[in-house]
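Report on one structure; see the data block that follows.
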Amino acid sequence: MKYRVSHKFPVLPRHTRPFNHTRYFTSFAKKFQTPQPRASINAGGSGNSQGNSFVVPGATVATILMLGVLHARRLYEDKKTEQMKEKGIEIEFQPDAKATFLRLLPLRSISRCWGYLTSMEIPVWLRPHIYKAWARAFHSNLEEAALPLDKYASLRDFFVRTLKEGSRPIDVDPQCLVSPVDGTVLRFGELKGAGAMIEQIKGFSYSVFSLLGASPFLPTTDVQEEHSESITTTVKSKKSWWRVSLASPKVWNPTSSRPKKGLFYCVVYLKPGDYHRIHSPADWNILARRHFSGRLYPLNERATRTIRNLYIENERVILEGLWQEGFMALAAIGATNIGSIELFIEPELHTNRPRKKFLHSEPPEERIYGCEGVGRMLKKGDELGAFNMGSTVVLVFQAPISKLPEGDSSQEFRFCVGRGDRIRVGEALGRWHSS
């Protein structure tokens with residue numbers, strides 16, 4: 001049996017055009033267009049965005065994949081940490097090859113790319129699905145969100161979302177210091193002895209002076225006060241601030257100031273699913289802001305026990321001032337994918353900017369909010385800033401201690417938390433009672 005083939009319509013024409021995957025995907029994606037006009041991410045917006053429907057971008061797909069990777073990584077780390085706790089094993093400092101490998105990665109550039117992805121607008125119909133998936137992966141409480149899920153145009157808006165009124169009641173006790181963030185308490189205690197060392201992990205500590213830099217507000221002895229003049233001169237010259245900040249701990253001894261006030265610290269880690277806004281821990285007057293442009297290592301449990309001087313190496317913003325019991329400093333530390341640290345009291349501050357020079361060759365950027373004790377006044381619980389994802393906050397402050405060894409211990413500052421405890425904004429970190 002013979003088959004006849006028409007010559008008018010050739011089966012395989014000579015000049016067949018190759019299949020264009022891009023055009024096919026674009027035509028297929030048009031089916032998912034939403035009728036709403038695209039809202040501008042920036043305040044000014046763009047003129048040609050009005051009236052155009054939003055097409056699912058490739059960035060959204062990349063964001064979803066990134067969320068899956070983060071979720072799998074979190075499950076693995078949580079399982080490993082729980083197994084160690086069940087066995088009663090305390091995690092110790094143990095550097096590995098990963099720390100060396102991280103130094104070779106362009107983590108600052110990666111974080112800027114992640115910030116760009118999280119700022120991409122998501123289609124309205126897709127927003128609740130992505131945010132609910134995020135909440136399931138990182139245990140976020142969506143019922144506390146102040147707005148409906150479809151009102152958050154991007155992941156970044158969702159990260160820094162506000163909460164419903166009353167979701168974070170503030171402890172009104174005037175002799176109480178509250179937590180500035182939601183998170184997990186990693187370390188806390190009183191800074192004693194020469195050097196004033198903060199424990200990063202069992203087996204490794206870092207100096208509070210290296211964390212905060214050369215601070216004129218940090219309480220010191222007469223030896224340190226005499227040395228502070230040379231420090232101030234050196235900082236003004238902007239030549240060797242890093243050497244000074246590392247050398248300062250060797251000459252500090254808090255014994256002379258101990259009869260009245262003690263110097264304490266508390267480290268709180270924010271997971272990606274936590275509430276990301278920073279609040280004021282007390283009524284205080286912020287006198288200065290110091291911005292250290294550093295690296296952006298991750299701040300998870302493994303990084304804490306494998307990377308030396310993790311909090312000192314990373315980019316951070318330091319706020320210093322005075323409260324009713326003396327000195328107070330709050331260090332907001334950036335991490336991988338969290339290069340952007342926002343300050344509501346200083347919106348013009350921008351972090352994780354491209355740097356041409358070696359990171360530690362430049363002195364920290366410093367701004368004095370006021371002279372002669374006039375700065376930025378904040379009430380306990382006021383919003384202070386925000387992270388774009390999870391990060392870490394280190395609080396350093398003065399608080400009352402017993403004047404004599406046999407004195408009334410009720411007058412001393414006592415922490416109300418323990419290591420590994422979950423804490424929320426407004427809950428008490430510690431209390432004391434006046435005589």
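The values are calculated or read from the model by the stated rules, or taken from the named source; none is laboratory data. For clarity, every value in this text was computed on a predicted model and none was experimentally measured. Methodologically, a virtual Cβ is constructed for each residue, glycine included, from the backbone with ideal geometry; neighbour enumeration extends over all protein chains shown. Ligands, DNA and RNA are stripped out before the accessible areas are found, and what is left, the full protein with its side chains, is counted by its heavy atoms. Shrake-Rupley method; radii C 1.70, N 1.55, O 1.52, S 1.80 Å.
A few comments on the model shown:
- Scanning segment 309-339 for residues that are open to solvent by less than 10 Å² (accessible area, probe 1.4 Å), under 18 Å from SER207 (Cα atoms) and in a loop (DSSP other than H, G, I, E, B) yields a count of 1.
- Meets criteria (in contact (Cβ under 8 Å) with a residue 60 or more places away in the chain, within 30 Å of ILE312 (Cβ to Cβ) and out of contact with any Cys (no Cβ under 9 Å at 6 or more places or on another chain)) for PRO169: no
- The one condition in (1) more than 18 Å from PRO272 (Cβ to Cβ); (2) in a loop (DSSP other than H, G, I, E, B); (3) among the aliphatic types (A, V, I, L, M) that ALA99 fails to fulfil: (2)
- Residue check for SER391: open to solvent by less than 60 Å² (accessible area, probe 1.4 Å), at pLDDT 85 or above and not basic (Lys, Arg): yes
- Selection from segment 293-308 of residues that are in a helix (DSSP H, G or I) and open to solvent by less than 30 Å² (accessible area, probe 1.4 Å): ALA303, THR304, THR306
- Here segment 176-208 is the region considered, the condition is being open to solvent by 10 Å² or more (accessible area, probe 1.4 Å) and of a type in the set (Phe, Trp, Tyr), and the residue that is nearest to ASP274 (Cα to Cα) is PHE188.
- When segment 72-103 is limited to residues that are within 14 Å of GLU313 (Cβ to Cβ) and either open to solvent by 80 Å² or more (accessible area, probe 1.4 Å) or polar (S, T, N, Q) (or both), the one that is modelled with the highest pLDDT turns out to be ARG103.
- Residue satisfying all of: in segment 115-153; part of a loop (DSSP other than H, G, I, E, B) and crowded, with 18+ Cβ neighbours inside 10 Å; farthest from the chain's Cα centre (by Cα) among these: PRO123
- Residue check, ASN314 closer than 30 Å to LYS79 by Cα and within 14 Å of the chain's Cα centre (by Cα): yes
- Each residue in segment 257-292 was checked for being touching a helix residue (DSSP H, G or I) at 6+ places or on another chain (Cβ under 6 Å) and open to solvent by 20 Å² or more (accessible area, probe 1.4 Å), and 1 pass.
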